[in-house]
Amino acid sequence: MKSPLLTLPGAVPAEGVDEGVAAHYGDLFREQRALADGTGFVDLSHRGVVTVSGPERLGWLHLLLTQHVSELPPHQATEALILSANGHIEHALYLVDDGETVWAHVEPGTQQALIAYLESMKFFYRVEVADRTADTAVVHLPAGSIAEVPEGVVVRETPYGRDLFLPRAELESYAGTVGPPAGILALEALRVEQHRPRLGFETDHRTIPHELGWIGGAVHLQKGCYRGQETVARVQNLGKPPRRLVFLHLDGSEVHLPVRGTEVRLVGGDASGSGEAGPEGRKVGFVTTSARHFELGPVALALVKRNVPVDARLVAGETAAAQETVVEP
């Protein structure tokens, strides 16, 4: 859906999966500083919104999600995954229960597949699943924001800020009351700084939760069965994930940021720490998200092989990169 806020002064449309909202409004670093200071807002009205209502909604979702939600208190935010039978990540849900309905926002364009799966698992449970994307817009207020929330609007509050499930018809009028807008690129830069994975960016067709540090935050290890649990338990108890998420400080002299999928290679050694590799050495991973941060400069998240030494020198494409551990090897 194309946001009406793209008509605001300076708005530059985002591309790719975030198409439909603004990438920025003319000053990327100013927008990042505003969010870091707890002011402004981010238009996330392109994200999918799914609701689950009915008296058995929490118990039913508990059987399907990686998170423990059977006793989720009203208004307490959480996040959860849906895995394949092999334990690979298929969906990421950012949800809250308002006491009568579970509200979740998901990656743009993924709500139809998510709803199809949920509908296939209803059986005789007293639940109703609905796509609310057409009438609900997600708006993000940064942590520390003192902006007022309209009465009756469902809020998902986390340490990183508040996500509002706002009636889409009120988006334009509400935007005029909460300070300067920030584009999706500003929010993405802060997400990279916070080492937070995003479905479709840090994930591919074989990503498992351990690789991204989603254990604990989105995966509860002491709950009952759900699809893919065997893989989670096996990796937790017997082995190590094949890859791990790292944070990269990139050489600031390069004009262009490495795009998603850019190969990450070792400099001066292979993945076991021996041998000679050089700038064109052995591939050990790939960039998942890159950004220009207002304080840190060019940074990125990347997935690398688990046995890459934590002090190894890396290169992302042709850009020198120093790694910072996110998921321990």
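Spacing of the modelled spin labels on GLN112 and VAL267, each 7 Å from Cα toward Cβ, amounts to 4.5 nm. Total lysine pairs in the chain at Cα distances under 21 Å, for residues eight or more apart or on different chains: 5. Among ARG156, ARG206, sorting on how many other beta-carbon atoms sit within 10 Å of each Cβ, with the fewest leading, yields ARG206, ARG156. Of the residues ARG265, ARG282, the one with the fewest other Cβ atoms within 10 Å heads the list, and the complete ranking is ARG282, ARG265. Approximating the spin labels as points 7 Å out from Cα along Cα→Cβ, the MET1-to-PHE123 distance works out to 3.3 nm.
Within a 10 angstrom radius of the beta carbon, how do ARG132, ARG30, ARG47, ARG57 rank from fewest other beta carbons to most? Write down the numbers at each step before the final one.
On the way: ARG132 19, ARG30 15, ARG47 25, ARG57 22.
Least crowded to most crowded, the residues run ARG30, ARG132, ARG57, ARG47.
Looking only at segment 36-80, which residues have a backbone nitrogen under 12 Å from a spot 7 Å from the Cα of GLU157 in the C-beta direction? Under 12 Å, as judged by backbone N against the label point of GLU157, lie 75-77 of segment 36-80.
Find how much the distance from ALA322 to ASN237 grows on full extension, using 0.36 nm per residue of separation minus their present alpha carbon separation; answer in nm with one decimal. Write out the running numbers ahead of the final one.
Details: separation 85, 0.36 × 85 = 30.60 nm, distance 3.07 nm.
Taking ALA322 through ASN237 to full extension adds about 27.5 nm, to one decimal.
Distant-in-sequence amide contacts of SER45, defined by a placed amide H-H separation under 5 Å and a gap of 5 or more residues or a different chain, comprise VAL138. Residues whose amide H falls under 5 Å from that of THR289, counting only those 5 or more places apart or on a different chain, are LEU301, with hydrogens built in the peptide plane.
Between amide H atoms placed 1.01 Å from N, distances below 5 Å from LEU83 occur with GLU90, all of them 5 or more places distant or on a separate chain.
A short reminder: the numbers here are calculations on the coordinates, not readings from a lab. As the structure is a prediction and not an experimental result, all values here were calculated from the model. Positions of Cβ are generated from backbone atoms using ideal geometry, with glycine treated the same way; all protein chains shown enter the neighbour counts.
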